[in-house]
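Read the structure below first, then the notes.
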Amino acid sequence: MLKGLLSLFLKSNCPLCDRASSEILCSSCTQQLQRERLKNPQHGWKGDIPLFAWAKYGERIKRAIAAAKYDNSPQLAECLGLYLGKAWVDSPLSTQFKNTPVVPIPLHPKKLKERGFNQAESIARGFCQYTRLPLKSNLLERRKETVAMFGLGIDDRAKNVADAFCVRGRLPHAPILLIDDIYTTGATVQSATQTLCQNGVKVVGVVAVATTRKGVMDSTNSDRQKS
(Lines give C-alpha, C1' and ligand atoms only; values in the text may rest on other atoms or scores of the structure.)
Protein backbone atom coordinates (compact mmCIF):
# COMPACT_ATOMS: atom_id res chain seq x y z
CA MET A 1 0.00 0.00 0.00
CA LEU A 2 2.83 2.38 0.94
CA LYS A 3 4.59 1.64 -2.35
CA GLY A 4 1.39 2.38 -4.23
CA LEU A 5 0.89 5.67 -2.40
CA LEU A 6 4.48 6.74 -3.07
CA SER A 7 4.10 5.86 -6.74
CA LEU A 8 0.96 7.96 -6.95
CA PHE A 9 2.63 10.86 -5.14
CA LEU A 10 5.67 10.82 -7.41
CA LYS A 11 3.62 10.86 -10.60
CA SER A 12 3.79 14.06 -12.64
CA ASN A 13 1.81 15.21 -15.63
CA CYS A 14 2.93 14.49 -19.17
CA PRO A 15 4.08 17.83 -20.69
CA LEU A 16 2.32 17.04 -23.98
CA CYS A 17 -1.13 15.84 -22.89
CA ASP A 18 -1.21 16.67 -19.15
CA ARG A 19 -2.08 13.08 -18.21
CA ALA A 20 -0.58 11.70 -15.01
CA SER A 21 2.57 9.72 -15.79
CA SER A 22 5.33 8.02 -13.82
CA GLU A 23 7.70 8.81 -16.72
CA ILE A 24 8.58 12.13 -18.36
CA LEU A 25 6.15 11.31 -21.19
CA CYS A 26 3.05 9.15 -20.90
CA SER A 27 2.95 5.90 -22.87
CA SER A 28 0.46 7.31 -25.39
CA CYS A 29 2.61 10.35 -26.28
CA THR A 30 5.73 8.17 -26.36
CA GLN A 31 4.09 5.87 -28.92
CA GLN A 32 3.00 8.84 -31.02
CA LEU A 33 6.51 10.27 -31.08
CA GLN A 34 7.99 6.88 -31.97
CA ARG A 35 5.78 6.78 -35.07
CA GLU A 36 7.72 9.71 -36.53
CA ARG A 37 11.19 8.29 -35.99
CA LEU A 38 13.29 7.52 -39.05
CA LYS A 39 13.81 3.95 -40.09
CA ASN A 40 17.37 4.88 -41.08
CA PRO A 41 18.73 7.79 -39.00
CA GLN A 42 21.91 7.69 -41.12
CA HIS A 43 19.93 8.61 -44.22
CA GLY A 44 21.65 12.00 -44.35
CA TRP A 45 25.13 10.88 -43.25
CA LYS A 46 26.87 12.11 -46.40
CA GLY A 47 28.25 15.30 -47.92
CA ASP A 48 30.35 18.00 -46.30
CA ILE A 49 28.35 17.99 -43.06
CA PRO A 50 26.86 14.53 -42.48
CA LEU A 51 23.52 14.43 -40.65
CA PHE A 52 22.21 11.88 -38.18
CA ALA A 53 18.56 12.56 -37.26
CA TRP A 54 16.17 10.61 -35.04
CA ALA A 55 12.85 11.68 -36.56
CA LYS A 56 11.03 13.49 -39.30
CA TYR A 57 9.89 16.96 -38.23
CA GLY A 58 6.22 16.01 -38.12
CA GLU A 59 3.41 17.42 -36.01
CA ARG A 60 4.12 15.27 -32.93
CA ILE A 61 7.85 16.03 -32.87
CA LYS A 62 7.17 19.69 -33.61
CA ARG A 63 4.86 19.90 -30.60
CA ALA A 64 7.34 18.09 -28.35
CA ILE A 65 10.24 20.38 -29.28
CA ALA A 66 8.06 23.47 -28.87
CA ALA A 67 6.90 22.26 -25.45
CA ALA A 68 10.49 21.66 -24.38
CA LYS A 69 11.57 25.13 -25.49
CA TYR A 70 8.63 27.32 -24.54
CA ASP A 71 7.00 25.49 -21.63
CA ASN A 72 10.16 25.41 -19.51
CA SER A 73 10.66 21.68 -19.87
CA PRO A 74 14.40 20.86 -20.11
CA GLN A 75 13.58 17.34 -18.87
CA LEU A 76 11.51 16.80 -22.04
CA ALA A 77 14.48 17.95 -24.14
CA GLU A 78 16.70 15.48 -22.26
CA CYS A 79 14.17 12.74 -22.99
CA LEU A 80 14.37 13.53 -26.71
CA GLY A 81 18.15 13.40 -26.35
CA LEU A 82 17.88 9.91 -24.87
CA TYR A 83 15.84 8.76 -27.90
CA LEU A 84 18.50 10.27 -30.16
CA GLY A 85 21.26 8.62 -28.14
CA LYS A 86 19.66 5.18 -28.34
CA ALA A 87 19.40 5.49 -32.13
CA TRP A 88 23.08 6.49 -32.27
CA VAL A 89 24.20 3.55 -30.13
CA ASP A 90 22.16 1.19 -32.33
CA SER A 91 23.91 2.49 -35.46
CA PRO A 92 27.36 1.59 -36.87
CA LEU A 93 28.45 5.19 -36.26
CA SER A 94 28.72 4.57 -32.52
CA THR A 95 31.71 2.27 -33.05
CA GLN A 96 33.23 4.54 -35.68
CA PHE A 97 33.20 7.66 -33.50
CA LYS A 98 34.10 6.52 -30.01
CA ASN A 99 34.92 9.21 -27.43
CA THR A 100 33.96 11.98 -29.87
CA PRO A 101 33.14 15.20 -27.96
CA VAL A 102 29.60 16.52 -28.38
CA VAL A 103 29.05 20.28 -28.74
CA PRO A 104 25.52 21.75 -28.56
CA ILE A 105 24.53 24.74 -30.70
CA PRO A 106 24.40 27.62 -28.19
CA LEU A 107 21.76 30.27 -27.56
CA HIS A 108 22.57 33.96 -27.44
CA PRO A 109 23.08 35.04 -23.78
CA LYS A 110 19.98 37.25 -23.93
CA LYS A 111 17.79 34.37 -25.17
CA LEU A 112 19.39 32.01 -22.65
CA LYS A 113 18.50 34.40 -19.83
CA GLU A 114 14.90 34.67 -21.05
CA ARG A 115 14.40 30.93 -21.51
CA GLY A 116 16.49 29.77 -18.56
CA PHE A 117 18.12 26.90 -20.44
CA ASN A 118 19.42 25.92 -23.86
CA GLN A 119 17.27 23.15 -25.34
CA ALA A 120 20.18 21.92 -27.51
CA GLU A 121 22.33 21.54 -24.41
CA SER A 122 19.55 19.62 -22.61
CA ILE A 123 19.19 17.36 -25.65
CA ALA A 124 22.97 16.88 -25.63
CA ARG A 125 22.88 15.89 -21.95
CA GLY A 126 20.34 13.16 -22.66
CA PHE A 127 22.29 12.07 -25.74
CA CYS A 128 25.59 11.90 -23.84
CA GLN A 129 23.99 10.17 -20.89
CA TYR A 130 22.96 7.31 -23.18
CA THR A 131 26.01 7.24 -25.48
CA ARG A 132 28.64 8.02 -22.80
CA LEU A 133 30.25 10.49 -25.20
CA PRO A 134 31.92 13.53 -23.57
CA LEU A 135 29.86 16.74 -23.51
CA LYS A 136 31.52 20.11 -24.19
CA SER A 137 28.79 22.63 -23.48
CA ASN A 138 30.89 25.79 -23.48
CA LEU A 139 33.09 25.39 -26.54
CA LEU A 140 30.85 27.53 -28.78
CA GLU A 141 29.32 30.90 -27.93
CA ARG A 142 26.64 32.71 -29.91
CA ARG A 143 27.85 36.31 -30.06
CA LYS A 144 25.30 37.59 -32.55
CA GLU A 145 21.64 37.95 -31.62
CA THR A 146 19.81 36.38 -34.56
CA VAL A 147 16.14 36.56 -35.44
CA ALA A 148 13.84 33.52 -35.55
CA MET A 149 14.49 31.38 -38.63
CA PHE A 150 10.82 30.57 -39.21
CA GLY A 151 9.64 32.06 -42.50
CA LEU A 152 13.11 33.00 -43.74
CA GLY A 153 14.38 31.80 -47.11
CA ILE A 154 17.64 29.93 -47.59
CA ASP A 155 19.69 33.06 -48.36
CA ASP A 156 18.20 35.05 -45.47
CA ARG A 157 18.85 32.16 -43.08
CA ALA A 158 22.50 32.10 -44.10
CA LYS A 159 22.84 35.88 -43.64
CA ASN A 160 21.05 35.69 -40.29
CA VAL A 161 23.61 33.31 -38.77
CA ALA A 162 26.71 34.51 -40.62
CA ASP A 163 29.52 35.12 -38.10
CA ALA A 164 27.06 34.32 -35.30
CA PHE A 165 29.47 32.12 -33.33
CA CYS A 166 32.84 32.29 -31.68
CA VAL A 167 34.99 29.70 -29.92
CA ARG A 168 35.97 29.96 -26.29
CA GLY A 169 37.63 27.75 -23.72
CA ARG A 170 40.07 24.94 -24.31
CA LEU A 171 39.95 23.52 -27.82
CA PRO A 172 39.58 19.73 -28.14
CA HIS A 173 42.26 17.82 -30.01
CA ALA A 174 39.70 15.38 -31.40
CA PRO A 175 37.04 16.06 -34.06
CA ILE A 176 33.61 16.88 -32.61
CA LEU A 177 29.91 16.23 -33.19
CA LEU A 178 27.49 19.16 -33.24
CA ILE A 179 24.04 18.64 -31.76
CA ASP A 180 20.80 20.62 -32.20
CA ASP A 181 17.06 20.17 -31.92
CA ILE A 182 16.06 20.63 -35.59
CA TYR A 183 18.04 20.48 -38.83
CA THR A 184 16.37 22.44 -41.64
CA THR A 185 18.52 24.14 -44.30
CA GLY A 186 21.72 23.61 -42.32
CA ALA A 187 22.57 27.34 -42.20
CA THR A 188 23.15 27.38 -38.43
CA VAL A 189 25.29 24.25 -38.50
CA GLN A 190 27.32 25.53 -41.45
CA SER A 191 28.04 28.80 -39.66
CA ALA A 192 29.09 26.96 -36.48
CA THR A 193 31.20 24.50 -38.48
CA GLN A 194 32.98 27.32 -40.30
CA THR A 195 33.84 29.01 -37.00
CA LEU A 196 35.14 25.77 -35.52
CA CYS A 197 37.19 24.93 -38.62
CA GLN A 198 38.78 28.39 -38.57
CA ASN A 199 39.95 27.56 -35.05
CA GLY A 200 41.34 24.17 -36.04
CA VAL A 201 38.42 22.06 -34.80
CA LYS A 202 37.04 19.50 -37.24
CA VAL A 203 33.31 18.72 -37.28
CA VAL A 204 32.61 15.11 -38.27
CA GLY A 205 28.84 15.62 -38.46
CA VAL A 206 25.70 16.87 -36.79
CA VAL A 207 23.12 14.97 -34.79
CA ALA A 208 19.58 16.32 -34.43
CA VAL A 209 16.32 15.18 -32.93
CA ALA A 210 14.43 15.99 -36.12
CA THR A 211 14.97 17.16 -39.68
CA THR A 212 12.98 18.70 -42.52
CA ARG A 213 15.56 17.61 -45.10
CA LYS A 214 13.97 16.31 -48.29
CA GLY A 215 13.97 12.55 -48.74
CA VAL A 216 13.33 11.62 -45.12
CA MET A 217 9.76 10.53 -45.87
CA ASP A 218 11.19 7.49 -47.62
CA SER A 219 13.11 6.51 -44.50
CA THR A 220 10.34 7.09 -41.96
CA ASN A 221 9.45 4.09 -39.79
CA SER A 222 6.78 1.95 -41.46
CA ASP A 223 4.74 2.11 -38.27
CA ARG A 224 3.65 5.59 -39.26
CA GLN A 225 2.08 4.31 -42.46
CA LYS A 226 0.08 1.85 -40.36
CA SER A 227 -1.24 4.53 -38.00
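The values are calculated or read from the model by the stated rules, or taken from the named source; none is laboratory data. On a predicted model such as this, the values are computed, not experimentally measured, just so you know. Here Cβ is always computed from backbone atoms with ideal geometry, including for glycine, and neighbour counts include all displayed protein chains. Accessible surface areas use protein heavy atoms only, side chains included; no ligands, DNA or RNA. Shrake-Rupley method; radii C 1.70, N 1.55, O 1.52, S 1.80 Å.
Structure above, values below:
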quantity	calculated
Any hit, the range 75-86, residues being among the hydrophobic types (A, V, I, L, M, F, W, C) and surrounded by fewer than 16 Cβ atoms within 10 Å (Cβ to Cβ)	no
Residues within the range 194-227 that are more than 20 Å from Ala120 (Cα to Cα), modelled with pLDDT of 50 or more and of a type in the set (D, E, K, R), tallied	1
Failed criterion for Gly205 (all others in (1) farther than 28 Å from Glu59 by Cβ; (2) among the small types (Gly, Ala, Ser); (3) in contact with a Pro (Cβ under 8 Å, 6 or more places away or on another chain) hold)	(1)
Of all residues making up the range 11-53, the number that are part of a loop (DSSP other than H, G, I, E, B), farther than 28 Å from Asn72 by Cβ and open to solvent by 40 Å² or more (accessible area, probe 1.4 Å)	6
Selection from the range 79-131 of residues that are within 15 Å of Asp180 (Cβ to Cβ), modelled with pLDDT of 95 or more and of a type in the set (D, E, K, R)	Glu121, Arg125
Considering residues of the range 164-189 that are open to solvent by 40 Å² or more (accessible area, probe 1.4 Å) and polar (S, T, N, Q) only, the residue modelled with the highest pLDDT	Thr184
Pair list, Cβ under 7 Å, 6 or more apart: the range 50-77 residue under 15 Å from Cys17 (Cα atoms), other residue among the hydroxyl-bearing types (Ser, Thr, Tyr) and open to solvent by 40 Å² or more (accessible area, probe 1.4 Å)	none
